[in-house]
Amino acid sequence: MAKSDDCVHILQGLLVFGNVVIGMCGIALTAECIYVVANSHGLDPLLKVTENSDIYAAAWIGIFVGLALFVLSILGIIAVIKASRTLLLVYIILMLITFAFEMASCITAATQQESLAPEFLLKQMLNGYESSDAANNSGNEFTKTWDDLMRQNHCCGVKGPSDWQEYTSAFRDTHSDADYPWPRTCCVMNEEQHPLNLDGCKLGVPGYYKSNGCYDAISGPVKAYRGVAWFGFAILCWTFCVLLGTMFYWSGIED
Amino acid sequence: MWADGDHRRVPGDKEPQQHSRPGHRGARTMLPLLLLLLPAARGTVVTVGPEPALTKDPQLEGVTTASTFVLDQPRCVFQNYSDAVIWLVVTNDKDAFYNNATPGTPETAFQNFPDKVSAYMTLNVTLPSYPCPRPAGDITVLRVGSETSCAKDMSRPTCNGPLPGPGPYWVKFLALNDSGPVAETSWSMPIMLRTAQPASNISTGSGYRDGMIAITTILSILFAILLAALLAMLVFCGSESCGSSTFSKAESVSVRRYNTHHVYDQPCARL
């Protein structure tokens with residue numbers, strides 16, 4: 001007698017709790033995706049460089065999925081408390097659709113991780129970056145984009161100027177190691193965009209060359225992006241449990 | 001701001017001809033040496049100062065590259081040889097070099113290194129280029145391998161051209177005056193240059209791929225389970241409550257209680 005009531009109450013309590021968590025996580029997911037999209041200006045030159053725009057797709061889907069999760073969780077709480085079969089069915093079906101969308105976003109974000117990895121960027125840079133005269137800004141698009149990135153963020157290479165020393169590259173094929181241990185853009189420049197001290201830059205004297213890599217400059221948005229994938233995954237696992245519980249509850253109540 | 005020994009302080013290649021006479025050790029006039037305050041020097045070449053070493057202070061990013069390396073200038077080392085010209089000897093076989101070699105000849109030409117000769121001499125300066133003591137805060141280095149313009153120019157045998165391979169190389173400073181070699185440092189430790197790996201060696205993180213596969217697999221399974229559960233739920237429990245035994249016991253009292261929570265008409269007909 002009291003037992004089944006307790007069972008029902010416990011199940012209802014659990015489902016309400018589960019929905020509350022889903023709602024809060026939905027808001028958090030929306031916030032994180034908005035952060036990624038808003039801070040994308042740091043990623044922009046890099047994305048131009050990697051020619052990758054799918055990264056935004058996952059973030060945009062994440063924003064809407066987060067809001068949907070929040071709204072649906074409220075619907076779920078109402079449906080559980082009222083124990084209405086219709087409402088619960090609507091809730092379950094809408095949740096499944098949201099689940100599918102979040103799945104797509106998650107998988108896209110996880111797939112894109114690879115193209116934001118430092119090793120990948122390094123390989124791309126070494127293969128694609130060619131000559132570029134700092135003064136007259138010649139060279140192909142890829143080179144220009146990297147030059148802009150290096151000038152804006154005061155950085156050199158992906159991990160540092162030693163990238164050009166440790167690996168062969170398209171740049172090395174056309175520029176001798178003695179004259180250009182690393183590209184001129186890695187030198188600290190004066191107002192006229194000439195190296196402050198060319199010998200100092202070639203020697204690698206601290207203060208005359210840029211010693212940090214460009215990957216550090218973009219690691220913030222990259223980490224947030226990684227969060228979109230893994231946080232989304234965690235939300236989906238939790239939602240799975242709540243949905244199973246809701247289905248069990250639905251099959252148990254009478255309308 | 002600093003003295004980079006790239007630039008020779010003496011005008012080019014006319015200098016070496018002063019040393020075109022080979023200097024024999026031993027039975028030669030020791031007059032220039034006697035004028036110096038080194039009684040021990042009797043025509044033998046004096047070993048002075050610390051051996052050449054790669055620059056450690058300040059830390060330079062380019063201390064070794066694929067074809068150049070950076071040495072500390074030999075300050076306060078050749079103080080007693082003010083009339084000598086200080087040469088840098090670079091070799092890949094330190095036992096094969098003799099101090100009686102004449103700079104500026106094909107035997108010590110940079111362009112013939114390493115195919116025809118095993119050592120070359122370059123970076124000749126006179127003592128005023130290495131003032132002693134070293135001014136504090138100045139960076140006094142020599143960049144070996146910085147002159148690319150004369151690397152293939154046979155008319156510049158004392159070119160400080162880029163090194164052809166990763167090494168190892170040994171270097172020493174040798175002071176020559178009119179009568180031949182007068183002082184030298186010992187050979188440096190072997191200097192290895194950097195070699196560049198092919199860019200294709202970079203492994204583009206298989207860890208990411210594993211993560212992606214895991215996420216995709218797990219999510220697909222979860223989604224499939226949910227769809228299956230939904231189907232089962234609709235098919236088996238379509239219009240009637242199939243779990244009624246879970247939530248209601250056989251006792252009528254509990255059924256009545258249950259009624260208060262749900263809209264429930266015609267209970268008797270259902271039961």
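Here are a few things to note about the model shown:
- For the residue pairs A:LYS202/B:LYS56; A:LYS144/A:LYS223; B:LYS56/B:LYS152; A:LYS123/B:LYS56; B:LYS56/B:LYS116; A:LYS123/A:LYS159, alpha carbon separations beyond 22 Å are given by A:LYS144/A:LYS223; B:LYS56/B:LYS152; A:LYS123/B:LYS56; B:LYS56/B:LYS116.
- Hydrophobic long helices, here whole DSSP H runs in chain A with Kyte-Doolittle means of at least 0.0 and Cα atoms spread over 27 Å or more along the helix axis, are found at A:2-38, A:54-82, A:85-113, A:215-252.
- Note on A:LEU198/B:PHE223: beta-carbon distance plugged into 1/(1 + (r/R0)^6) with R0 of 60 Å gives a FRET efficiency of 0.50.
- Of the GluC sites (Glu not before Pro) found in segment B:142-245, those in coil by DSSP whose Cβ has at most 15 other Cβ atoms within 10 Å are B:GLU240.
- Amide H to amide H distances under 5 Å link A:TYR167 with B:GLN197, where only residues 5 or more positions off or on other chains count and H is placed in the peptide plane.
- Taking other C-beta atoms within 10 Å as the exposure proxy, B:ILE218, A:ILE22, A:ILE93 rank A:ILE93, B:ILE218, A:ILE22 from fewest upward.
- Karplus-derived 3J(HN,Hα), 6.51/-1.76/1.60, for each residue of segment B:83-96, Hz, glycine and proline x: 9, 8, 9, 9, 10, 9, 9, 10, 9, 10, 8, 6, 7, 8
- Relative contact order of segment A:118-215: 33 percent, from C-alpha pairs under 8 Å at least 6 residues apart in sequence.
- Once backbone amide H atoms are built at 1.01 Å from N, B:PHE69 has B:VAL144 as its partners under 5 Å, excluding neighbours fewer than 5 places away on the same chain.
- Legend: mean number of C-beta atoms from other chains within 10 angstrom of residue C-beta atoms, peptide A:103-111, equals 4.
- Cβ charges +1 (Lys, Arg) and -1 (Asp, Glu), total dipole of segment B:42-195, debye: 100 debye
- Residues whose placed amide H lies under 5 Å from that of B:SER118, excluding near-sequence neighbours: none
- Residue-by-residue Karplus 3J(HN,Hα) for segment B:124-137, coefficients 6.51, -1.76, 1.60, Hz, glycine and proline x: 7, 9, 9, 4, x, 6, 10, x, 10, x, 6, x, 5, x
Bear in mind that the values in this text are calculations on the coordinates, not laboratory data. These figures come from a predicted structure and were not determined experimentally. Methodologically, a virtual Cβ is constructed for each residue, glycine included, from the backbone with ideal geometry; neighbour enumeration extends over all protein chains shown.
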